[in-house]
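The values are calculated or read from the model by the stated rules, or taken from the named source; none is laboratory data. These numbers come from a predicted model, not from an experiment. Please note: Cβ atoms are built from the backbone with ideal geometry, for glycine as well, and neighbour counts cover all protein chains shown.
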């Protein structure tokens with residue numbers, strides 16, 4: 001049962017978007033110091049080391065081996081693909097654009113749910129999804145509709161669209177299978193099971209990157225601090241707060257809070273990167289959030 005929003009619940013649902021926006025900023029800051037696939041591998045390797053003592057209950061059961069297909073797929077979609085593609089997107093796109101494109105995630109949730117998981121989509125959801133799609137198009141064309149004919153997309157925007165599709169499949173798969181009770185009841189064990197396989201996938205992607213010659217990491221205290229942040233904040237703390245917040249308020253309310261990420265990214269970009277948001281960013285954000293709010297409204301009576 002969903003509970004009314006309390007200050008504590010609002011805090012739980014607001015902190016993850018703030019941390020995820022920071023993840024986009026940090027990924028942009030260190031893009032010349034750490035190759036994207038290597039950054040993802042280092043991030044989740046550190047997170048795995050932190051989670052090992054917290055999720056030790058995982059090793060008391062046979063879940064990691066007996067459910068290996070499920071955890072390997074979740075690790076591929078949620079950790080290997082989504083995060084690698086996001087860091088790759090930040091090589092050529094800005095944190096504001098990346099997070100705004102990602103804010104169209106509910107659209108992909110609806111489409112993938114209807115096409116692959118047999119979930120019916122109502123009229124309000126279609127209208128809300130259309131508003132969100134327009135918002136994403138505003139970002140992709142940089143606020144100039146004349147560009148839609150040529151559709152001159154930055155590579156990072158396309159990578160982020162692929163990332164959102166991967167995350168949508170990941171999210172639906174989370175709701176479609178029952179995990180062993182000992183693992184599902186322990187957030188650290190459940191995350192650790194995914195991270196272990198996710199690190200393997202991330203290592204494979206990084207290996208391809210290294211084979212292409214992108215192996216140099218320019219170490220500094222800034223890079224070290226960035227790695228600790230993305231491993232602890234967006235990976236572990238955000239996941240824990242998000243799970244607790246959604247349990248209290250429900251996924252529909254949580255979806256609205258997730259769209260605070262581009263707003264936070266715009267504020268951080270202005271403060272740390274000197275990348276001032278434009279009017280079209282505000283228009284896109286309003287359309288995306290408006291679409292989510294409209295689609296989640298219930299009919300009167």
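Which condition number in (1) outside any helix (DSSP H, G or I); (2) closer than 12 Å to residue 38 by Cα; (3) out of contact with any helix residue (DSSP H, G or I) (no Cβ under 7 Å at 6 or more places or on another chain); (4) modelled with pLDDT of 90 or more is the one that residue 210 fails?
Residue 210 satisfies all of (1) outside any helix (DSSP H, G or I); (2) closer than 12 Å to residue 38 by Cα; (3) out of contact with any helix residue (DSSP H, G or I) (no Cβ under 7 Å at 6 or more places or on another chain); (4) modelled with pLDDT of 90 or more except (1).
Kindly indicate whether residue 111 is farther than 21 Å from residue 259 by Cα and assigned to a helix (DSSP H, G or I). Break it down stepwise before answering.
On the way: farther than 21 Å from residue 259 by Cα: no; assigned to a helix (DSSP H, G or I): yes.
For residue 111, the condition - farther than 21 Å from residue 259 by Cα and assigned to a helix (DSSP H, G or I) - is not met.
Assigned to a helix (DSSP H, G or I), touching a residue at least 60 places away in the same chain (Cβ under 8 Å) and under 16 Å from residue 265 (Cα atoms): which single residue out of 18, 81, 41 fits that description? Break it down into steps so the answer makes sense when it comes.
Values: 81 fails: under 16 Å from residue 265 (Cα atoms); 41 fails: under 16 Å from residue 265 (Cα atoms).
So the residue among 18, 81, 41 that is assigned to a helix (DSSP H, G or I), touching a residue at least 60 places away in the same chain (Cβ under 8 Å) and under 16 Å from residue 265 (Cα atoms) is 18.
Answer yes or no as to whether residue 245 is at pLDDT below 75 and buried (at least 18 other Cβ atoms within 10 Å of the Cβ).
Values: at pLDDT below 75: no; buried (at least 18 other Cβ atoms within 10 Å of the Cβ): yes.
Considered against the rule, which asks whether it is at pLDDT below 75 and buried (at least 18 other Cβ atoms within 10 Å of the Cβ), residue 245 comes out as no.
Give, as residue ranges, the helices (runs of 4 or more DSSP H) completely inside region 248-301 that count at least 2 residues that are modelled with pLDDT of 75 or more, out of contact with any helix residue (DSSP H, G or I) (no Cβ under 7 Å at 6 or more places or on another chain) and over 16 Å from residue 21 (Cα atoms). Steps first, please.
Numbers: elements: 251-258, 261-268, 279-296.
The qualifying helices (runs of 4 or more DSSP H) are 279-296.
List pairs: first residue in region 85-101 and on the phi > 0 side of the Ramachandran plot and touching a residue at least 40 places away in the same chain (Cβ under 8 Å), second residue assigned to a helix (DSSP H, G or I) and buried (at least 24 other Cβ atoms within 10 Å of the Cβ) anywhere in the structure, Cβ distance under 6 angstrom, at least six positions apart or on different chains.
Between residues of region 85-101 that are on the phi > 0 side of the Ramachandran plot and touching a residue at least 40 places away in the same chain (Cβ under 8 Å) and residues that are assigned to a helix (DSSP H, G or I) and buried (at least 24 other Cβ atoms within 10 Å of the Cβ), there is no close pair.
Please enumerate the residues belonging to region 172-186 that are surrounded by fewer than 18 Cβ atoms within 10 Å (Cβ to Cβ) and part of a helix (DSSP H, G or I).
Scanning region 172-186 gives 172, 173, 174, 175, 176, 181, 182, 184.
Can you tell me which residue among 52, 73 is closer than 21 Å to residue 233 by Cβ and surrounded by fewer than 24 Cβ atoms within 10 Å (Cβ to Cβ)? Quick ask: steps written out before the conclusion?
Numbers: 73 fails: closer than 21 Å to residue 233 by Cβ.
Criteria check complete, one pass: 52.
Take residue 70 and decide whether it is free of Cβ contacts under 8 Å to residues at least 60 places away in the same chain and either assigned to a helix (DSSP H, G or I) or more than 21 Å from residue 202 (Cβ to Cβ) (or both).
Working: free of Cβ contacts under 8 Å to residues at least 60 places away in the same chain: no; either assigned to a helix (DSSP H, G or I) or more than 21 Å from residue 202 (Cβ to Cβ) (or both): yes.
Criteria not met by residue 70.
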